[in-house]
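**Student:** One structure follows; several queries about it will come next.
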Amino acid sequence: MKAMLFAAGRGTRLAPLTDSVPKPLVSVAGRPMIEYPLLLLRHYGITDIVVNIHHLGAMIEDYLGDGRRLGVNLSYSRETELLDTGGGLLKARPFLDGGTFVVVNSDVLIDLDLRAVIERHLSTRAAATLVLRADPDADRYGAIELSRDGRVQKFLHHVAASSGSAGPLNKFMFTGVQVLEPRIFDYMESETSRRFGTTTATYPKMLLDGANLQGFAFDGFWHDLGTPESIRSAEAKLAAGRARLRYLGSPQT
């Protein structure tokens, strides 16, 4: 199985630091934040990974190289302009098109049983499985609502045709981790712009088309790394032992 790591953003909320350092190389508890998702993937045996880069991308490529130092095999999707999540995925399609793949944002810490997510994705024959978390601010930032069987019935303000018979729905927010099938690219081919998002364009199309979008409810440790304050909070939790990242140990066999 292959994976993609989103690492092209400018990291404007971390400016002025990110004026000279790309966001994925900003230090979190002694290591660049991009190493955490790479080690998560490696822990579960996923070592063929493509990283999209744009802002100060050469610095990321120089630091990570071919990935051998971290026990992975890295390729790079170089974006001359920011393509957003959908455009970035579509550009990397030649690398990802062979089968089920994982996509992870480079700016989150998550202690996730990725094997369980993949098994659930395959067993439900989903087109996409999004790892979601409960959050009291879900409505404020954009709720994703699941029926009891884990199927996505509402995505932001888009509603599935089957939602009326789905029963009570539970609200969640996206963690930045997802498992996808190559058929997601079928919903991207009609885009007229190179730059588009999966959440704003692709997933709404899939939902309205009746595609099987699944949500994996996650209640373990998760932390955003988008601001100086959130990084300090994450570091404090790690230092105090209130957060455990199992993938910082040896890879699973």
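To keep it simple, each residue is scored yes or no on (1) farther than 28 Å from Ser27 by Cβ; (2) basic (Lys, Arg); (3) in contact with a Gly (Cβ under 9 Å, 6 or more places away or on another chain); (4) free of Cβ contacts under 8 Å to residues at least 60 places away in the same chain.
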position	(1), (2), (3), (4)
Glu181	yes, no, yes, no
Phe185	yes, no, no, no
Thr198	yes, no, yes, no
Leu213	yes, no, no, no
Thr227	no, no, no, no
Ile231	no, no, no, no
Ala234	no, no, no, no
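**Student:** If Phe221 satisfies all but one of (1) closer than 18 Å to His121 by Cβ; (2) in contact (Cβ under 8 Å) with a residue 60 or more places away in the chain, what's the number of the condition it fails?
**Tutor:** Looking at each condition in turn, Phe221 falls short on (1).
**Student:** Please specify each residue of segment 12-50 satisfying the condition of being within 17 Å of the chain's Cα centre (by Cα) and either polar (S, T, N, Q) or modelled with pLDDT under 95 (or both).
**Tutor:** Thr47
**Student:** Residue by residue through segment 151-164, note down the ones that are over 27 Å from Ala116 (Cβ atoms), free of Cβ contacts under 8 Å to residues at least 24 places away in the same chain and either in contact with a Ser or Thr (Cβ under 9 Å, 6 or more places away or on another chain) or outside any helix (DSSP H, G or I) (or both).
**Tutor:** Once the filter is applied, which keeps residues that are over 27 Å from Ala116 (Cβ atoms), free of Cβ contacts under 8 Å to residues at least 24 places away in the same chain and either in contact with a Ser or Thr (Cβ under 9 Å, 6 or more places away or on another chain) or outside any helix (DSSP H, G or I) (or both), segment 151-164 yields only His157.
**Student:** Right, next: Going through segment 46-88 one residue at a time, which ones are assigned to a strand (DSSP E or B) and among the aromatic types (Phe, Trp, Tyr)?
**Tutor:** Of everything in segment 46-88, just one residue is assigned to a strand (DSSP E or B) and among the aromatic types (Phe, Trp, Tyr), namely Tyr76.
**Student:** Just checking, how many residues over segment 183-239 are touching a helix residue (DSSP H, G or I) at 6+ places or on another chain (Cβ under 7 Å), over 19 Å from Pro94 (Cα atoms) and either among the small types (Gly, Ala, Ser) or assigned to a strand (DSSP E or B) (or both)?
**Tutor:** Going through segment 183-239 one residue at a time, the tally reaches 7.
**Student:** Another question, then. Those residues that are surrounded by 18 or more Cβ atoms within 10 Å (Cβ to Cβ), over 18 Å from Met188 (Cβ atoms) and among the hydrophobic types (A, V, I, L, M, F, W, C), I need them from segment 103-137; list them, please.
**Tutor:** Val104, Val108, Leu109, Ile110, Leu112, Leu114, Val117, Ile118, Val131, Leu132, listed by residue number.
**Student:** Does Gly9 satisfy the condition of being at negative phi, modelled with pLDDT under 95, among the small types (Gly, Ala, Ser) and out of contact with any Pro (no Cβ under 7 Å at 6 or more places or on another chain)?
**Tutor:** For Gly9, the condition - at negative phi, modelled with pLDDT under 95, among the small types (Gly, Ala, Ser) and out of contact with any Pro (no Cβ under 7 Å at 6 or more places or on another chain) - is met.
**Student:** Just for segment 12-45: of the residues that are assigned to a loop (DSSP other than H, G, I, E, B) and free of Cβ contacts under 8 Å to residues at least 60 places away in the same chain, which one is surrounded by the most Cβ atoms within 10 Å (Cβ to Cβ)?
**Tutor:** Of everything passing the filter in segment 12-45, Pro22 is surrounded by the most Cβ atoms within 10 Å (Cβ to Cβ).
**Student:** Moving on. Counting only residues that are in a strand (DSSP E or B) and among the β-branched types (Val, Ile, Thr), which one in segment 108-150 is nearest to Glu229 (Cα to Cα)?
**Tutor:** Going through the qualifying residues, I end up with Val108.
**Student:** As an exercise: evaluate Val51 against (1) among the β-branched types (Val, Ile, Thr); (2) closer than 23 Å to Phe218 by Cβ; (3) surrounded by 18 or more Cβ atoms within 10 Å (Cβ to Cβ) and give the number of the one condition it does not meet.
**Tutor:** All conditions are met except number (2).
**Student:** Val104: in contact with a Pro (Cβ under 6 Å, 6 or more places away or on another chain) and within 19 Å of Thr199 (Cα to Cα), yes or no?
**Tutor:** So Val104 fits the description; yes.
The values are calculated or read from the model by the stated rules, or taken from the named source; none is laboratory data. Quantities reported herein were computed from a predicted structural model and do not represent experimental measurements. Neighbour counts are summed over all protein chains in view; Cβ atoms, including those assigned to glycine, are modelled from backbone coordinates with ideal geometry.
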